[in-house]
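Notes to accompany the following structure.
The values are calculated or read from the model by the stated rules, or taken from the named source; none is laboratory data. Just so you know, these numbers come straight off a predicted model, no measurement behind them. Note: ideal-geometry Cβ built from the backbone for every residue, glycine included; neighbour counts use all protein chains shown. Calculation scope for accessible area: heavy atoms of the full protein, side chains included, ligands and nucleic acids excluded. Shrake-Rupley method; radii C 1.70, N 1.55, O 1.52, S 1.80 Å.
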Amino acid sequence: MILRFLPIALLFFLFSCGDQGKHEFNPPEGYKARSGKLIYKKHCVSCHGDDGKLGAAGAKDLTASKMDSTGIVNILEKGKNGMPRQIQYFESDEEVTNIIDYLNSMRK
Ligand code: HEC
C-alpha cells in the first residue's frame, strides 16, 4: 500500500528542492510580522552596521544604495559576493516588505 503514496512523496521532494532561489512563506494564522528595524538589527547589522555604512566583509553602504525592491528581494534570495543568502531569516512576505521599507528609510 505504501507504494501508492511514493509518487506523491517524490513530487513533494522535487518541489521542495526545486528552485533554491525562490522562497515560499506559509505563516500560521494570527502570525504577526516583525518590523524591518528588528530584522535588520538581528541579521544585517554585523556587516552593514547600525546606520548602514559599516561596510564589513565588503558590504555596500546602504544609505547610498539605489537598489530597487526587486533587486533587494533578489540579493536576499540569492546573496551576492560577500553577502550570504538571507531569505531563510524571513518568516513572511510582509517581513520582506518591512525590510525593504526600512532600507528605504535609511537612505539619504
Ligand atoms: C556577512 C555580511 C552581510 C550580511 C549579514 C548582510 N549583508 Fe548585505 N551586503 C553584504 C555585502 C558584502 C554586500 C555587497 C555585495 C556586492 O558585492 O555587491 C551587500 C549588499 C547589500 C545590498 C545591496 C546594496 C547595493 O546597492 O548594491 C543590500 C540591499 C543589502 N546588502 C541588504 C542586506 C540586508 C537587508 C541584510 C540583512 C537581512 C544584509 N544585507 C545582511 C554583506 C552582508
> Relative to the Cα centre, what is the charge dipole magnitude of segment 31-106, using +1 at the beta carbon of each Lys and Arg, -1 at the beta carbon of each Asp and Glu, and rounding to the nearest 20 debye?
Replying inline: 220
> Excluding ligands and nucleic acids, what accessible area in Å² is computed for residue 107 using a 1.4 Å probe, to the nearest 10?
Replying inline: 60
> Considering the dipole of segment 31-106 built from charges on the beta carbon (Lys and Arg +1, Asp and Glu -1) around the Cα centre, which of 59, 88, 74 is farthest to its positive end?
Replying inline: 59
> What list of whole percents do you get for P(r) of segment 31-106, with Cα-Cα distances grouped in 5 Å bins up to the one holding the largest distance?
Replying inline: 3, 16, 28, 32, 16, 3, 1
>> Just to verify a number: what accessible area does residue 24 come out at with the full protein assembly present, 1.4 Å probe, Å² rounded to tens?
In response: 150
> Near residue 41, which aspartates and glutamates are there with a Cα under 19 Å away, not counting those fewer than 8 places off in the same chain?
Replying inline: 50, 51, 61, 77, 91, 93, 94, 95, 101
